[in-house]
Amino acid sequence: MKNKLSSSEKYLWEYIQNNLDDIPNLSIVKLSEDANVSTATIVRTTKKMGYSGYTDFRQQLTLKRKDTQQYKNLEKVDHDIKQAILKNKYEVDNTLKMLNVGSIEDAIQKIKKSSDIYIFARGFSEFIAQELLVKLQLLGKNCVLSTDPNIIVTMSKRIRREDLVIFITLNGETKELVAGAKNAFDNGVSTLTITTNEEGSIIKYSEMVLLGFKSQTSYFPDYEVRSRLPLQVISRILLDSYVIRTQKSQ
């Protein structure tokens, strides 16, 4: 990601890294004066580094410093490795903040009442779908998983109204998943989407949505292999909650 910075942005980022102790107390105007760059450069640089702006960067820096104090075992870890570790905590923490308890309860009831459950996923989301499939089967649910684009589109046209379709998609834009969701929606079939994009094309065809946090930071910027950790967290919370609710009703 740093390779995409201009020369002035690289200079600014190096300046920030060398003065991290002061950043939480510096306004954007003060940093602009001290680093001899424009405020626009500061905003642009922090956005390129995965933040929504300078204010967000300062807030996250403060939180990470608190986290570092909590995790004494990370004190001797290389700075970049430490950032990678805390990035995962940041994703989980923000996903938990975004979870809607009502949506979890609705999803539990749909899973409980459905005759059959169809799970559709593509790419790296397939690993999460596979775990969801196995655990629901262990809980006595009749489940089918499909990751083939043609089968997803075809099968979604034949699903009955008493069934449930679960879509697992990071950005909600995978065309065959969107098409499958539309087919199910048009036929009056209940759909549950686990995603990190509340504006994804699949949302309008989703009866229920469980939304996670999508980090802008990627250590594989040249490939579409962004973290699925938020989807994994949501999936496990859903399964654990389902077990708790079904055990209480027995």
How many residues of the stretch 127-160 are in contact with a strand residue (DSSP E or B) (Cβ under 8 Å, 6 or more places away or on another chain) and closer than 18 Å to Thr191 by Cβ? The answer is 17
Tally of residues being surrounded by fewer than 23 Cβ atoms within 10 Å (Cβ to Cβ) and under 18 Å from Lys112 (Cβ atoms) across the stretch 140-166:
10
Just need a number here: residues in the stretch 173-196 that are over 25 Å from Gln109 (Cβ atoms), in contact with a helix residue (DSSP H, G or I) (Cβ under 9 Å, 6 or more places away or on another chain) and not β-branched (Val, Ile, Thr).
3
Looking for something over 27 Å from Asp93 (Cβ atoms), over 24 Å from the mean Cα position of the chain (by Cα) and either crowded, with 20+ Cβ neighbours inside 10 Å or at pLDDT below 95 (or both) - is there at least one such residue anywhere in the stretch 167-183?
yes
Residue count for the stretch 18-37, restricted to those that are surrounded by fewer than 13 Cβ atoms within 10 Å (Cβ to Cβ) and over 15 Å from Gln59 (Cα atoms):
6
Looking at the stretch 133-250, what strands (runs of 3 or more DSSP E) fall wholly within it and have at least 2 residues that are over 16 Å from Ser103 (Cα atoms) and aliphatic (A, V, I, L, M)?
142-146
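The values are calculated or read from the model by the stated rules, or taken from the named source; none is laboratory data. Keep in mind the model is a prediction, meaning the values are calculated, not measured. A quick note on method: Cβ atoms are made from the backbone with ideal geometry, for glycine too, and the neighbour counts reach across all protein chains shown.
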